[in-house]
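Undergrad: There's a structure below that I have some questions on.
The values are calculated or read from the model by the stated rules, or taken from the named source; none is laboratory data. All of these numbers come straight from a predicted model, not from anything done at the bench. Every residue, glycine as well, gets a Cβ built from its backbone with ideal geometry; the counts of neighbours run over all protein chains shown. Areas reflect the complete protein model, heavy atoms only, side chains present, ligands, DNA and RNA absent. Shrake-Rupley method; radii C 1.70, N 1.55, O 1.52, S 1.80 Å.
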Amino acid sequence: MQVFISWSGDISKRCAEILRDWLPFINQEITPFVSSQDISKGERGLYAIATQLQECSFGVVCVTRENQSAPWINFESGAISRVLGESSLVPFLLDMPIKDLTGPLTQFQATDSSSQEDVWAMVKSINDKCENKVDQERLRTIFDKFWSDLESGLIELRGQQPKGQFPERHTSEILNELVGLVREQSTRLGSLEKRVESLGITSSQYPVYEPREMPTADWRRQIVSAREVSADARRRAVTAVRQIDDILGPDVVLGTKVGKYGTEVVLSAQAVRRIEGFESALSDAAVNNSTGIHLLSEEGVEVYSHPPF
């Protein structure tokens, strides 16, 4: 699987090269691309980069305080997200906390490279994109074994950064940015509601950000929830169900009921036969969305369960 690693500036480039050498230890199917190392002499650089952007399955952007507003970083990030979607692009922050990230890259889920668990979450996401995934328990063992190699390289790199050159962001600036992002999301949701109405697709009496019943023309399922379930819990449950559909599907979820103590999902017979071997991925869908899931056959027999949180 191709992983495109973007960089801008000397420190960022060396961070990208460290990741390039380290990631294949996690899963040998991973083939990282870093332009400083993987473009042959005499090859047309921009053409090679454009080709790799089209062929990659995941993108990592090596971000420093110095380069986070660099045009090239934001150009490549935009190109990757257009090809793969926002969930397949990760800003990898070398020398700053996530709260100090500014500009267009804030729309993506960033990774703090100094946090072992943050990097672990990124590694899991990359592994999930591989055709031949490494089992999660084994993946964690491999990650823990090789983490010190990555950590020591990054620590050495951070030590070469100039100190005190870039001040931390003020709380008021961060809050203003959050308000702007919330307003942008509200505008997008309003536009989506109007678009759905114009297509003649009904979504019961509830807005798109608070789904209680969601019959649609092209997604053959119905999601129903108890009234005591919060909007946030429903949202997490809907996300988990979509992930289950991606894991076992497509189009294998026949019905969903979101309850106070978990989400019941009725599966087709075909999906029930596929569950074996995907238990780890199904567990991740529950854990990542903080919801219990109970998978049932069409006859109502429970075939898999992950306890509620």
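Undergrad: Residue under question is Asp118, and the condition is that it be of a type in the set (Asp, Glu), more than 17 Å from Ile5 (Cα to Cα) and free of Cβ contacts under 8 Å to residues at least 12 places away in the same chain; does it hold?
TA: Criteria met by Asp118.
Undergrad: Oh, and also: Taking the condition of being more than 24 Å from the chain's Cα centre (by Cα), exposed (fewer than 13 other Cβ atoms within 10 Å of the Cβ) and part of a loop (DSSP other than H, G, I, E, B), how many residues in region 275-309 meet it?
TA: Residues that pass the stated criteria total 4.
Undergrad: Now for a separate question. Would you list the helices (runs of 4 or more DSSP H) that sit entirely within region 59-177 and hold 3 or more residues that are under 21 Å from Phe25 (Cβ atoms) and either among the β-branched types (Val, Ile, Thr) or modelled with pLDDT of 95 or more (or both)?
TA: Fully inside region 59-177 and qualifying: 116-129, 136-158.
Undergrad: How many residues, within region 75-107, are free of Cβ contacts under 8 Å to residues at least 40 places away in the same chain, more than 25 Å from Gly153 (Cα to Cα) and surrounded by 17 or more Cβ atoms within 10 Å (Cβ to Cβ)?
TA: 3
Undergrad: Within region 259-274, track down each residue that is open to solvent by 20 Å² or more (accessible area, probe 1.4 Å), assigned to a helix (DSSP H, G or I) and in contact with a Leu (Cβ under 6 Å, 6 or more places away or on another chain).
TA: Arg274 - this is the single residue of region 259-274 that is open to solvent by 20 Å² or more (accessible area, probe 1.4 Å), assigned to a helix (DSSP H, G or I) and in contact with a Leu (Cβ under 6 Å, 6 or more places away or on another chain).
Undergrad: Could you list all residues from region 108-166 that are small (Gly, Ala, Ser) and over 17 Å from Arg20 (Cα atoms)?
TA: Scanning region 108-166 gives Ala110, Ser114, Ser115, Ala121, Gly159, Gly164.
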